[in-house]
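A.B. asks: Dropping a structure here in structure tokens format, bear with me for questions.
The values are calculated or read from the model by the stated rules, or taken from the named source; none is laboratory data. Just so you know, these numbers come straight off a predicted model, no measurement behind them. Neighbour counts run over all protein chains shown; Cβ positions are idealised from the backbone, glycine included. For accessibility, only protein heavy atoms count, side chains too; no ligands or nucleic acids. Shrake-Rupley method; radii C 1.70, N 1.55, O 1.52, S 1.80 Å.
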Amino acid sequence: MFDSGLGGLSVWRAVTRELPEWPVTYLADQAYVPYGSKSREQLIERSLRIGHFLHEQGASLLVVACNTATSAAVDTMRKELPIPIVAIEPAVKPAARASRTGRIAVLATEFMLQSARFHSLLQRHAGTVEVLPRPGRGWVELVEAGRIDGDEAREKVAAVVEPLLAENVDHIVLGCTHYPFLAPLIRDIVGPDVVLDDPAEGSARRAADLLAGKAPQKPNGYRFYTTADTAPMSDVLPVLIGHPYPVQHAGI
Ligand code: DGL
């Protein structure tokens, strides 16, 4: 699995729950985080490089735990890499289907919200539902630093989410894998009646379907790589997934 950084750990949680027998290698491309401000060409280049690296490490399936990388690079990855690829995209379809107010918000990176893939997703699945796209400004940086509660996080989350209260949205789609780590703060602001849609479970189930009938070659084990310094990721892992793990550097 990979992401620009640590946000994809929200998908890692779902994948390791769904596939407890399987060894999982997670790569955080922290030398290039945030992906939301990169060009399409850069995202394709990074995604292919990482895909080849993980394939060489023995991966039999690749989960792109990043909406932004999916929107830029998944078609090219599917052509260039010899293993099945599970992508992730904002849960617009289930949110639009379930909406009673006819208004939903999609929170994602600027890149994602401007991508052709996102516009096609809206065309195919929003129907008559009105979609309010909103970037979570500064949220990726909060999660990367493990600052997912406290005053700074609360203020940055409120700046995006509070204005939505007046908009009569009944679903907020978390269209960036970093954002589920801020879900408790979002929930505090919107109250119990607004649904937060996170597509991680769907991607995990898709991975399980593709691996059905296959047995893991190695015993269970979790490996973590970062393309940047290892210390910050080591420090933040327990905050995000409740457990420390050794982190290795990937010089790619
Ligand atoms: N976690 C990523 C996503 O799902 C990208 C965040 C970023 O690096 O901008 O879109």
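A.B. asks: Any idea which residue in region 44-53 is nearest to residue 89 (Cα to Cα), counting only those that are surrounded by fewer than 23 Cβ atoms within 10 Å (Cβ to Cβ) and hydrophobic (A, V, I, L, M, F, W, C)?
C.D. replies: Taking the candidates together, the pick is 44.
A.B. asks: Check off (1) within 26 Å of residue 143 (Cα to Cα); (2) open to solvent by 10 Å² or more (accessible area, probe 1.4 Å); (3) in contact (Cβ under 8 Å) with a residue 12 or more places away in the chain; (4) of a type outside the set (A, V, I, L, M, F, W, C) for residue 192 and give me the number that stays unchecked.
C.D. replies: (3)
A.B. asks: Which of the residues belonging to region 148-179 are surrounded by fewer than 17 Cβ atoms within 10 Å (Cβ to Cβ), at pLDDT 95 or above and farther than 22 Å from residue 193 by Cα?
C.D. replies: Of everything in region 148-179, those that are surrounded by fewer than 17 Cβ atoms within 10 Å (Cβ to Cβ), at pLDDT 95 or above and farther than 22 Å from residue 193 by Cα turn out to be 151, 152.
A.B. asks: Residues in region 21-43: is at least one polar (S, T, N, Q), part of a helix (DSSP H, G or I), buried (at least 16 other Cβ atoms within 10 Å of the Cβ) and within 16 Å of the ligand (Cβ to nearest atom)? Walk me through it before giving the result.
C.D. replies: Of all residues in region 21-43, those polar (S, T, N, Q) come to 25, 30, 37, 39, 42.
Narrowing the set further to residues that are part of a helix (DSSP H, G or I) leaves 37, 42.
Adding the requirement that they be buried (at least 16 other Cβ atoms within 10 Å of the Cβ) leaves none.
Taking every residue of region 21-43 in turn, none turns out to be polar (S, T, N, Q), part of a helix (DSSP H, G or I), buried (at least 16 other Cβ atoms within 10 Å of the Cβ) and within 16 Å of the ligand (Cβ to nearest atom).
A.B. asks: Related question: Could you check how many residues of region 56-72 are among the small types (Gly, Ala, Ser) and away from the ligand (no atom under 12 Å from the Cβ)? Break it down stepwise before answering.
C.D. replies: Filtering region 56-72 for residues among the small types (Gly, Ala, Ser) gives 58-60, 65, 69, 71-72.
The next check asks that each one be away from the ligand (no atom under 12 Å from the Cβ); those that pass are 58-60.
The qualifying residues number 3.
A.B. asks: Kindly check whether there is at least one residue in region 187-202 that is in a loop (DSSP other than H, G, I, E, B) and within 16 Å of the ligand (Cβ to nearest atom).
C.D. replies: To start, the set of residues in region 187-202 that are in a loop (DSSP other than H, G, I, E, B) comprises 191-194, 198-199.
Still in the list and also within 16 Å of the ligand (Cβ to nearest atom): 198-199.
Yes; the residues of region 187-202 include at least one that is in a loop (DSSP other than H, G, I, E, B) and within 16 Å of the ligand (Cβ to nearest atom).
A.B. asks: If we keep just the residues of region 10-20 that are within 18 Å of residue 182 (Cβ to Cβ), out of contact with any strand residue (DSSP E or B) (no Cβ under 7 Å at 6 or more places or on another chain) and more than 9 Å from the ligand (Cβ to nearest atom), which is least open to solvent (accessible area, probe 1.4 Å)?
C.D. replies: Taking the candidates together, the pick is 14.
A.B. asks: Just give me the residues in region 211-245 being open to solvent by 50 Å² or more (accessible area, probe 1.4 Å) and in contact with a strand residue (DSSP E or B) (Cβ under 7 Å, 6 or more places away or on another chain), in sequence order.
C.D. replies: Passing the criteria: 222, 223, 245.
A.B. asks: Still on this model: Residue 135 - would you say it is surrounded by fewer than 22 Cβ atoms within 10 Å (Cβ to Cβ), within 16 Å of the ligand (Cβ to nearest atom) and over 26 Å from residue 234 (Cα atoms)? Give the derivation first.
C.D. replies: On the way: surrounded by fewer than 22 Cβ atoms within 10 Å (Cβ to Cβ): yes; within 16 Å of the ligand (Cβ to nearest atom): yes; over 26 Å from residue 234 (Cα atoms): yes.
When the stated conditions are applied, residue 135 passes them.
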